[in-house]
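What follows is a single structure, written as structure tokens, with notes after it.
Rule-based calculations on the coordinates, nothing more; no lab input. These figures come from a predicted structure and were not determined experimentally. Neighbour counts are summed over all protein chains in view; Cβ atoms, including those assigned to glycine, are modelled from backbone coordinates with ideal geometry.
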Amino acid sequence: MRDCIIRITLIGLLMLLAGGRMLQADEPGGPAPADEPSTPPEEAALAPIKDLIEALKGGDKDAAAGAMDALVARGEEAIRPLIDLRESGEDPGAERATQALARIGVVGGLYMRVELFRSEFEPHEKIGVHFVFRNYGKKPVTVFNPVSPRNPEFAYGLGWQLTLKTAAGKKVAYVDMNEKASPKAVGQGNLVTLRPGEMYGDIVYLETLFGLEKLAQGEYTIESAYATDKTMLEAVKKRSDLKAENLFVNSITPPAVHLKVALPDIEAVDKETEAKIRKLIEELGSERYRIRRNAETELDKLGKTALKYLKEAVDATKDPQIKYIAQQLIDKIEKPAEEMVTYLGIRMDQSFSGKGVLVMSVMNSSPAEKAGLRSRDAIVRINDGEIRGDLNTRASYLRKQIQSRREGDKVALTVQRDGKEVVVEVTLGKISKRALEQE
């Protein structure tokens with residue numbers, strides 16, 4: 001009897017406590033209801049990776065889905081544990097690990113991503129994307145170089161397809177970098193073989209890819225895919241010095257990247273401004289000199305804002321007068337001013353066949369001289385990126401890595417000097433492109 005009374009009393013107390021919690025939950029400022037999640041969703045990505053891997057292996061599908069989202073959010077640091085789980089063959093964990101790796105940007109053991117130099121850009125600064133490859137697998141992998149070394153600024157390599165979209169999802173431009181080269185020329189310098197654990201990156205300017213007139217004030221998204229051209233692939237496989245099984249052939253879609261453009265000399269064109277530009281272009285064909293001259297002056301003032309529409313007029317109009325004046329305006333608007341670039345200040349030895357890039361001489365008062373770089377130093381790494389490939393590829397890679405940065409940025413150069421490796425920290429400067437020809 002006594003035990004029964006104690007049980008009833010305990011049950012009553014528990015009910016009173018539960019009722020108190022419910023009342024507090026209804027009151028402003030009271031604790032959250034018991035059925036609300038105690039951990040905010042964004043904090044799930046901060047959970048230990050080993051715990052997320054365990055959840056990925058478990059039978060709870062909802063928990064596994066949440067763990068997969070969190071692992072994808074962790075990006076590159078989750079790749080190795082996911083590869084280990086995939087290779088264990090333990091299902092359903094192995095299958096889920098494969099899905100997570102594909103979402104991060106990994107096929108097989110190869111990780112690929114597209115990233116930006118900056119999220120916001122100052123006036124007149126080049127906007128660029130960085131293509132990154134890293135081999136997390138256990139055997140060498142050969143990939144097509146993102147940019148062909150035959151003409152690093154304008155000739156593209158194989159593999160990448162890029163789509164530029166506005167924040168609203170409208171497609172602005174598309175570039176397919178699968179170069180239609182002669183099969184004999186394929187692979188003559190535009191292949192990169194990554195040993196296990198190695199990383200390679202290359203740079204392309206958006207101005208080169210899409211044309212700067214495609215960009216205006218606003219936010220954009222770059223969607224990318226890496227898909228090998230089959231004809232070129234077969235041509236490469238016939239090379240006697242390349243093991244076909246090492247050639248990366250899978251297609252992959254890395255996560256999209258977002259950028260914000262702030263170029264004061266290129267304004268976003270609203271419908272009213274577009275109508276005004278089109279009317280001025282029509283007036284270029286007027287028989288009255290005053291009207292024609294006023295339209296030319298106004299279009300000149302609009303500058304790059306009118307560039308797209310002037311080019312359309314040159315391509316579409318049948319009026320020779322409009323075509324002639326529009327082309328003159330295009331030439332005037334696109335006439336390049338003296339371009340300033342970020343620089344290191346070295347002359348490279350064009351005959352060097354060793355590892356890295358050999359410094360033949362150092363420019364006076366340059367960032368290189370101030371940092372203590374010397375003639376005969378061999379630069380083998382910039383930050384964590386190894387400089388390798390043929391001579392043209394190495395020189396191009398170093399130059400682009402430097403010019404993608406801002407004046408005042410610091411880079412760590414690993415150099416071989418007197419049989420030893422030393423690290424030299426350089427604070428980069430600016431110089432006119434014309435003066436840089438000697439580098």
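General remarks:
- Once backbone amide H atoms are built at 1.01 Å from N, Met348 has Met360 as its partners under 5 Å, excluding neighbours fewer than 5 places away on the same chain.
- Members of Lys276/Lys304; Lys332/Lys430; Lys171/Lys318; Lys260/Lys410; Lys171/Lys400 lying beyond 21 Å, as alpha-carbon distances in this model show: Lys332/Lys430; Lys171/Lys318; Lys260/Lys410; Lys171/Lys400
- Under-5 Å amide H pairs with Val204, H placed in peptide plane, nonlocal only: Val129, Phe131
- If R0 is taken as 22 Å, the Cβ-Cβ distance between Glu425 and Met340 corresponds to a FRET efficiency of 0.45.
- When the trypsin sites (Lys or Arg not before Pro) in the range 270-323 are filtered for DSSP coil states and for at most 15 other beta-carbon atoms within 10 Å of their beta-carbon, the remaining sites are Arg288, Lys318.
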